[in-house]
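Step one of this worksheet: look at the structure below.
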Amino acid sequence: MPDLRYIVVPHPIGGIQEDAVAEKARASIPDLLASLAAEPVPIAGGDR
């Protein structure tokens, strides 16, 4: 899936306090929203 959009959440996630995980998630929201608002990527092989 070469055109798959993804966001990166800095590691580590495991083994850290819940509030630190929540902060990493909050910091990723702008990237998530930008990815969701971007133009759709055609699926290889046609419509499904």
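The values are calculated or read from the model by the stated rules, or taken from the named source; none is laboratory data. As the structure is a prediction and not an experimental result, all values here were calculated from the model. Glycine gets a Cβ as well: all are built from the backbone with ideal geometry, and neighbour counts include every protein chain shown.
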Flagged in the stretch 13-39 as in a loop (DSSP other than H, G, I, E, B) and loosely packed, with under 10 Cβ neighbours inside 10 Å, in numbering order, are G14, G15, Q17, A38, E39
Surrounded by 10 or more Cβ atoms within 10 Å (Cβ to Cβ), in a loop (DSSP other than H, G, I, E, B), over 12 Å from the mean Cα position of the chain (by Cα) and modelled with pLDDT under 90, is that true of I43? yes
